[in-house]
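To start, the structure itself, in structure tokens.
The values are calculated or read from the model by the stated rules, or taken from the named source; none is laboratory data. What you are looking at is a predicted structure, and each value in this text was computed from that prediction instead of being measured. Neighbour counts run over all protein chains shown; Cβ positions are idealised from the backbone, glycine included. The protein model used for the area step is the full one, side chains on, heavy atoms only, and it has no ligands, DNA or RNA in it. Shrake-Rupley method; radii C 1.70, N 1.55, O 1.52, S 1.80 Å.
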There are 2 protein chains.
Amino acid sequence: MAPLIKPTPITGFPEFLPEMRLVEQHLLDTVRQIFERHGFCSIETPLVERLEVLLSKSGDSDKEMYVLGRLQDKKGEEEARYGLHYDLTVPLARYVAQHEQDLTFPFKRYQIQDSFRGERPKMGRYRQFKQCDIDVIGRENLSLEYDALIPAIVLEVLQKCTGMLEVELRLSNRKVLAGFCAGLEIEDPTPILRALDKILKIGPEGVREELTELGLNSKTINLFLTLGQIKTEDTSFVDKIKALGIKNDLLEMGLNELVFCFNRIKAYNPSAPVVVDLSLIRGFDYYTGSVYEVALRNSDFKDSLGGGGRYDNLASTMTKTKLPGVGMTFGISRLLGLLVDQGIMRPNRKSPVQVLVVNLEEDKQKMIDLGKQLRARGINTELYLEGGKLQKQLKYANDKKIPYVWFDSDNTLKNMETGEQIIADPTTWMPDNK
Amino acid sequence: MAPLIKPTPITGFPEFLPEMRLVEQHLLDTVRQIFERHGFCSIETPLVERLEVLLSKSGDSDKEMYVLGRLQDKKGEEEARYGLHYDLTVPLARYVAQHEQDLTFPFKRYQIQDSFRGERPKMGRYRQFKQCDIDVIGRENLSLEYDALIPAIVLEVLQKCTGMLEVELRLSNRKVLAGFCAGLEIEDPTPILRALDKILKIGPEGVREELTELGLNSKTINLFLTLGQIKTEDTSFVDKIKALGIKNDLLEMGLNELVFCFNRIKAYNPSAPVVVDLSLIRGFDYYTGSVYEVALRNSDFKDSLGGGGRYDNLASTMTKTKLPGVGMTFGISRLLGLLVDQGIMRPNRKSPVQVLVVNLEEDKQKMIDLGKQLRARGINTELYLEGGKLQKQLKYANDKKIPYVWFDSDNTLKNMETGEQIIADPTTWMPDNK
């Protein structure tokens, strides 16, 4: 006999047992439903893109990517011309540029797919992971309205999914920082952004050191440190920033956008947990206006749940049409992990079955008809077709955590959790919603 | 300015516009719902498997596969140890062998995922395609009941999806042919199966020629040709086969299984379009009992929509546990293409939106609240946030084929198909179900 191949997991490629997959499906359904309620369409792109497309996004040339080869291509005739996408932004850019003539703008889409990073396996780093993106793309221009709509929808999704956990939306606008720098006659704001970005991690004094190394004087440093520590849950940030005495048109515009965005999100949801946080940066060369991050409040879990922002031009390397957009991304895999860790979602049932019909009759026709009857009324119903000892049949229901068992012999219905038994009518009985 | 990258499609990797994707989602939802109604759980496996696993399925060593490399691995340090799965059977075998201790048997799962074949592009050949598999796997043994359940469910799915097209299930059992050969003292039935398999393509006389070349005498050839042309929509095939005068235990067993399977499928659905067809083979070294194929009846579309059968041991290369199973597979991509070609599904709307709220008021709060109200009642509602000329707003609704437009100013509701206008109450109005 041939030696056995050991069926082991591959690091970085997570795989779920049915009970976890059931929970994941529930999460995906919730996300999808809210996006569709707001009128966003779904798209999927091939997992494979041309390498030149994958390499087109500035700053990503060092991303670890997987490239494809053909097993039969023994001679290496073909170079690796294709790779697996590592995010959903690059495919979106290619999609919109390619199908521009067939899309209606503003183009509102969500996309839930796996992405791939060819990284060496590390703790908590996935090489295949499920990601969810939502964006609105305009042609030539895009209303500021969408800078509020997108985070409002994502907040609705994450509030719904996280249940009793408290989420908050952090909000800023890159024009404020850029305008602030311009007002101080600083030409390249990027090193300052990089330093301010670390304020949560290394604290204000750490940032002060970094800004000192950049050669800024202590008065300027104090201005940035004050700015970077402004956090308000109302529009009082405007007065606080104006009190710093910097005057600049771009700064003014950024403040106006930020006020608009804050107020509009509150129009969607008056109790939306929004914090304007001037230390929020999110990437250095991509976003040009609003930036967002969603995170937990009052929790040990400090990582962001998702984020995004406004960008000026989605696909400048692929089309001459200017395609401004605003979007957010969040990791389904990471969110699912969090929800299970925190006990918000509990993987339990091993299948979507609500009722198991056990077989005590000689004949199977009765149980087959009963199953049909229940299914026609929308109840997920499995038949224990093998029959045999009742004890064995009940054990199967227990093992799979099936909530109800129905005896085909006399319509006895057993609630497997409480042990309660009733005589049920298959034309009217409905399971508790769980 | 850098030269533009042309955003072109990659042959063999299909990509849908939103209107087609919407139709695909509807198809996927229908399939999923029926599987879950019958109590099957969903699993997903990573798209990536170890090469040794991918190569473990007998007869598949010549499959064109994609292997993965890392872009950063400039020196080719790592050999290609991983590849993309080319079907969902090999991943299922690895999954069940790996998680054997955590699964409840019989393990009933469905799986809808993309598969990949590294073929050179050809007309109608996809290199990435969506596939759907449903299987029941037993540990050590598996009741014959599942040989009827699986095709009954798949028939239900395909009848539901294809609407007014007529589908039929073709049914056979490999034991009948194997037993028939054994009764004729033919040791290796495979070449005969290969010949009989072509009966539809090359006709009985073509098969006669091939069987003659195998050295069979004309009496034996006539027996096989008669057998291969038996097609019944009831159990009269038993008498017809018995009339051929071959006696063999395996043949007897095969006939009993076939009768059981036929009758049981009728027990699930008395009007199920089932044809016992002894020319049906489906692969040569994998299936050991029941075999199935679903195809259209009275149609120019001659390809099968799906098929499958019973196998003795799913994962003999990966575990010592015997894992008998029965399953079917069908191509979502192919089915979708057929349904659209035949006008059963009509890609039309560009988004899931049911109502577009147009903005005629100065203020946006009224439309925002209206949208919230409709969404809370389960209606997919988009807001035309940019406002502006009504004509432009209506054109947007038209372009996206949105069925209803709601005027925020006075609750006028316009049916975009009929042109009819009414005054609607947002607390009670519901769209027609479409």
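Consider residue A:190 against the criteria (1) surrounded by fewer than 24 Cβ atoms within 10 Å (Cβ to Cβ); (2) within 30 Å of residue A:321 (Cα to Cα); (3) under 15 Å from the mean Cα position of the chain (by Cα): it satisfies all of them except one. Which criterion is unmet?
Exception for residue A:190: condition (3).
Only one residue in A:259, A:274, A:326 is β-branched (Val, Ile, Thr), surrounded by 18 or more Cβ atoms within 10 Å (Cβ to Cβ) and over 30 Å from residue B:5 (Cα atoms), so which one is that?
On the way: A:259 fails: surrounded by 18 or more Cβ atoms within 10 Å (Cβ to Cβ); A:326 fails: over 30 Å from residue B:5 (Cα atoms).
Selected residue: A:274, the only one of A:259, A:274, A:326 that is β-branched (Val, Ile, Thr), surrounded by 18 or more Cβ atoms within 10 Å (Cβ to Cβ) and over 30 Å from residue B:5 (Cα atoms).
crowded, with 22+ Cβ neighbours inside 10 Å, aliphatic (A, V, I, L, M), touching a Ser or Thr at 6+ places or on another chain (Cβ under 8 Å) and under 30 Å from residue B:342 (Cα atoms), is that true of residue B:171?
Yes: the conditions hold for residue B:171.
Suppose we keep only residues that are crowded, with 19+ Cβ neighbours inside 10 Å, touching a Leu at 6+ places or on another chain (Cβ under 9 Å) and not in a loop (DSSP other than H, G, I, E, B) within segment B:371-395. Which one would you say is nearest to the other protein chains (Cβ to nearest Cβ)?
Only one residue fits best here, namely B:382.
Quick one: residue B:332 ticks every box in (1) under 30 Å from residue A:376 (Cβ atoms); (2) surrounded by fewer than 19 Cβ atoms within 10 Å (Cβ to Cβ) except a single one, so which number is it?
Here residue B:332 clears every test but (2).
If a residue has to be modelled with pLDDT of 95 or more, over 23 Å from residue A:113 (Cβ atoms) and either open to solvent by 20 Å² or more (accessible area, probe 1.4 Å) or touching an Asp or Glu at 6+ places or on another chain (Cβ under 8 Å) (or both) to count, how many in segment B:108-141 make the cut?
Qualifying residue count for the region: 4.
Has segment B:343-356 got at least one residue that is farther than 24 Å from residue A:101 by Cβ and open to solvent by 30 Å² or more (accessible area, probe 1.4 Å)?
Going through segment B:343-356, the residues farther than 24 Å from residue A:101 by Cβ turn out to be B:343-344, B:354-355.
This time we only want the ones that are open to solvent by 30 Å² or more (accessible area, probe 1.4 Å), so: B:344, B:354.
Scanning segment B:343-356 turns up at least one residue that is farther than 24 Å from residue A:101 by Cβ and open to solvent by 30 Å² or more (accessible area, probe 1.4 Å).
If you go through segment B:41-52 one residue at a time, do you hit one that is over 17 Å from residue B:156 (Cα atoms), more than 7 Å from chain A (Cβ to nearest Cβ) and buried (at least 18 other Cβ atoms within 10 Å of the Cβ)?
Yes, segment B:41-52 contains a residue that is over 17 Å from residue B:156 (Cα atoms), more than 7 Å from chain A (Cβ to nearest Cβ) and buried (at least 18 other Cβ atoms within 10 Å of the Cβ).
Here are the criteria: (1) more than 30 Å from residue B:44 (Cβ to Cβ); (2) of a type outside the set (Val, Ile, Thr); (3) at pLDDT below 95; (4) not in a helix (DSSP H, G or I). Tell me which single one residue A:172 does not satisfy.
Looking at each condition in turn, residue A:172 falls short on (3).
Which of the numbered conditions does residue B:425 fail, given that it passes all the others? Conditions: (1) among the charged types (D, E, K, R); (2) more than 30 Å from residue B:159 (Cα to Cα); (3) part of a loop (DSSP other than H, G, I, E, B); (4) within 14 Å of another protein chain (Cβ to nearest Cβ).
The one condition residue B:425 does not meet is (4).
Of the conditions (1) under 30 Å from residue A:364 (Cα atoms); (2) surrounded by fewer than 18 Cβ atoms within 10 Å (Cβ to Cβ); (3) in contact (Cβ under 8 Å) with a residue 24 or more places away in the chain, residue B:102 fails just one. Which one is it?
It fails just one condition, (3).
Hey, residue A:162 hits all of (1) over 29 Å from residue A:10 (Cα atoms); (2) open to solvent by 50 Å² or more (accessible area, probe 1.4 Å); (3) at pLDDT below 95; (4) away from every other protein chain (no Cβ under 11 Å) but one; which does it fall short on?
(2)
Restrict the check to segment B:244-251 and report whether at least one residue is crowded, with 20+ Cβ neighbours inside 10 Å, in contact with a helix residue (DSSP H, G or I) (Cβ under 7 Å, 6 or more places away or on another chain), touching a residue at least 12 places away in the same chain (Cβ under 8 Å) and not β-branched (Val, Ile, Thr). It would help to see each step written out before you state the result.
First, the residues of segment B:244-251 that are crowded, with 20+ Cβ neighbours inside 10 Å: B:251.
Of the ones still in play, those that are also in contact with a helix residue (DSSP H, G or I) (Cβ under 7 Å, 6 or more places away or on another chain) are B:251.
When the remaining residues are screened for being touching a residue at least 12 places away in the same chain (Cβ under 8 Å), the result is B:251.
Going one step further and asking which of them are not β-branched (Val, Ile, Thr), we end up with B:251.
Yes, segment B:244-251 contains a residue that is crowded, with 20+ Cβ neighbours inside 10 Å, in contact with a helix residue (DSSP H, G or I) (Cβ under 7 Å, 6 or more places away or on another chain), touching a residue at least 12 places away in the same chain (Cβ under 8 Å) and not β-branched (Val, Ile, Thr).
I want to confirm something. Restricting to segment A:396-422 and keeping residues that are closer than 26 Å to residue B:34 by Cβ and more than 42 Å from the chain's Cα centre (by Cα), which single residue is most open to solvent (accessible area, probe 1.4 Å)?
This residue is A:411.
Quick check on residue A:75: is it at pLDDT below 95, open to solvent by 10 Å² or more (accessible area, probe 1.4 Å) and not hydrophobic (A, V, I, L, M, F, W, C)?
Details: at pLDDT below 95: yes; open to solvent by 10 Å² or more (accessible area, probe 1.4 Å): yes; not hydrophobic (A, V, I, L, M, F, W, C): yes.
Yes: the conditions hold for residue A:75.
Can you pull out every residue in segment A:1-38 that is facing chain B (nearest Cβ under 9 Å), of a type in the set (A, V, I, L, M, F, W, C) and closer than 24 Å to residue B:46 by Cβ?
A:4, A:5, A:10, A:13, A:16, A:17, A:22
What residue, of A:356, A:314, A:323, A:360, is farther than 28 Å from residue A:90 by Cβ, in contact with a helix residue (DSSP H, G or I) (Cβ under 8 Å, 6 or more places away or on another chain) and part of a loop (DSSP other than H, G, I, E, B)? Write out each step before concluding.
Details: A:356 fails: part of a loop (DSSP other than H, G, I, E, B); A:314 fails: farther than 28 Å from residue A:90 by Cβ; A:323 fails: farther than 28 Å from residue A:90 by Cβ.
The unique qualifying residue is A:360.
I'd like to know if segment A:210-231 contains one or more residues that are in contact with a strand residue (DSSP E or B) (Cβ under 8 Å, 6 or more places away or on another chain) and either closer than 30 Å to residue B:384 by Cα or surrounded by fewer than 23 Cβ atoms within 10 Å (Cβ to Cβ) (or both).
Filtering segment A:210-231 for residues in contact with a strand residue (DSSP E or B) (Cβ under 8 Å, 6 or more places away or on another chain) gives A:230-231.
Next, only the ones that are either closer than 30 Å to residue B:384 by Cα or surrounded by fewer than 23 Cβ atoms within 10 Å (Cβ to Cβ) (or both) stay: A:230-231.
Scanning segment A:210-231 turns up at least one residue that is in contact with a strand residue (DSSP E or B) (Cβ under 8 Å, 6 or more places away or on another chain) and either closer than 30 Å to residue B:384 by Cα or surrounded by fewer than 23 Cβ atoms within 10 Å (Cβ to Cβ) (or both).
Can residue B:291 be described as surrounded by fewer than 20 Cβ atoms within 10 Å (Cβ to Cβ), under 30 Å from residue B:127 (Cα atoms) and in contact (Cβ under 8 Å) with a residue 40 or more places away in the chain?
Values: surrounded by fewer than 20 Cβ atoms within 10 Å (Cβ to Cβ): no; under 30 Å from residue B:127 (Cα atoms): yes; in contact (Cβ under 8 Å) with a residue 40 or more places away in the chain: yes.
Against the criterion (surrounded by fewer than 20 Cβ atoms within 10 Å (Cβ to Cβ), under 30 Å from residue B:127 (Cα atoms) and in contact (Cβ under 8 Å) with a residue 40 or more places away in the chain), residue B:291 does not qualify.
I'd like the full set of residues that are closer than 14 Å to residue B:224 by Cβ and either touching a Cys at 6+ places or on another chain (Cβ under 9 Å) or of a type in the set (Val, Ile, Thr) (or both), limited to segment B:160-187.
B:176, B:186
Which residues, counting only those in segment A:294-323, are open to solvent by less than 30 Å² (accessible area, probe 1.4 Å) and among the polar types (S, T, N, Q)?
A:299, A:304, A:319, A:321
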